[in-house]
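Have a look at the structure below before the remarks.
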Amino acid sequence: MTDPRPVFDREVFERQVGGDRELATEILRMFLEDCPGRMAAIKAAVEQGDANALCTAAHTLKGSAGYLAAAHVVDAAALLERLGREGRLADAPAAADQLEGAVARLVPEIQRASLAS
Amino acid sequence: MKVLVADDDRIAAAVLAQTLKRWEFDVTVVGDGADAWRHLAAASAPTLAVLDRMMPGLDGAEVCRRVRQEMPNANMYLVLLTSLGGGGDVVSGLDAGADDYVTKPFDVDELRARINVGVRVIALQDKLNQRVAELQAALANVKQLHGLLPICSYCKRIRGDDQYWQQVESYIAARSDAQFSHGICPPCYEKLEVEIEEQRKLMRSTRKR
């Protein structure tokens, strides 16, 4: 069953930034800039089996994606954060792949929104 | 009003800071708990702070704990930013000294309502502190008029803490809001009248001689 929620809910995002177009553009730019680093930190933590680092990196990405109303990325990052907190690293590689897929679907949407704003 | 925003996620910090600026707050943004603590411990510290619960190094709850332990009299309203579903975070954050919490990503109307509560609490606490200071000052004055006062049995002067003898009225006036209007009471007036009459008689008899 596919998730009916949008990859990026622009309406919710615009309400979140109070209709401030300048802020919206700035936030989208920051997300595109920070996302590769956040993903790299998560992958490194999974590879190194560092539960604390995984929890922190996934938490930060979840927070940022939350402001963008990117539900799929939020859910996938939340799962990784939980796995890190509970030290269940055996499940982490699969969850990281799931997150990577969600991010791969989100980034083009953000890029499009960024160009349109 | 000054507000401190502390979040290691620059996206969260930017959205929050801009929102607060739109509401006319004077916003300072920092990226970690240690920096937040430095700002809150400074002389001209903000009275309201929104702190991310989870930050590297000093987290938001730890900043709250330090503020309450090391600055127990500070009139500061501390709001924690917590993650969705982090129930335990909320309890431990409030136990650490936070006044309230907001879940990330925040709902704009809810944030506004909670921040307004903070502003109201700070204003009330300010009024209360002012009233306590006024009462303490009044109490200090009253205390000065209590205790054992050395008074001269003849001239009725009072000896002050500086060992100088003062007129009763100047002594009391210096230690209270009382003011004196000078007059003569009836018994003194009668005595004085007798004295004056005697003086007159004396002067008349002197002139006759």
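A short reminder: the numbers here are calculations on the coordinates, not readings from a lab. All values derive from a computational prediction rather than experimental measurement. Glycine also receives a Cβ, built like all others from the backbone with ideal geometry; neighbour counts cover every protein chain displayed.
Laid out as a table, the results:
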quantity	calculated
Efficiency of FRET between B:I151 and B:E195 - r from beta-carbon atoms, R0 22 angstrom, step 0.05	0.35
Between helix B:60-70 and chain B: long-axis angle, C-alpha atoms, 0 to 90°, nearest 10	20
Loop-located trypsin sites (Lys or Arg not before Pro) in region B:110-204, at most 11 other Cβ atoms within 10 Å (DSSP)	B:K156
Average beta-carbon neighbours from other chains, 10 Å sphere, peptide A:56-65	5
Whichever lysines have a C-alpha closer than 27 Å to that of B:K21, once near sequence neighbours (fewer than 8 apart) are set aside	A:K62, B:K2, B:K104, B:K127
At R0 = 51 Å, FRET efficiency that the Cβ-Cβ distance of B:R175 and A:T25 yields, to 0.05	0.15
Tilt relative to chain B, helix B:108-144 - C-alpha long axis, 0 to 90 degrees, to 10	20
Selection from B:L128, B:S92, B:V30, by position along the positive dipole direction of chain B (Cβ)	B:L128
Low-density loop positions, chymotrypsin sites (Phe, Trp or Tyr not before Pro), region B:100-209 - DSSP coil, at most 15 other Cβ in 10 Å	B:Y154, B:Y164, B:F180
Alpha-carbon centroids, region B:1-27 and region B:50-125: separation in whole Å	14
Per-residue Cβ neighbour rank within 10 angstrom, fewest leading, B:H146, A:H72	B:H146, A:H72
Antiparallel DSSP beta bridges within the protein assembly as shown, percent to nearest 5	15
Candidate lysines - alpha carbon under 23 Å from B:K201, same-chain residues fewer than 8 apart omitted	B:K191
Residue-averaged [θ]222 nm for the protein assembly as shown, counting only DSSP H segments that reach four residues, each worth -39500 (n - 2.57)	-21000 deg cm²/dmol
Gaussian network model of chain B, springs between alpha carbon atoms under 10 Å - residue of B:C185, B:C64, B:C155 with greatest fluctuation	B:C185
On Cα atoms only, tilt of B:10-22 relative to the major axis of chain B in degrees	40
Selection of trypsin sites (Lys or Arg not before Pro), region A:1-90, meeting DSSP coil and at most 14 other Cβ within 10 Å	A:R88
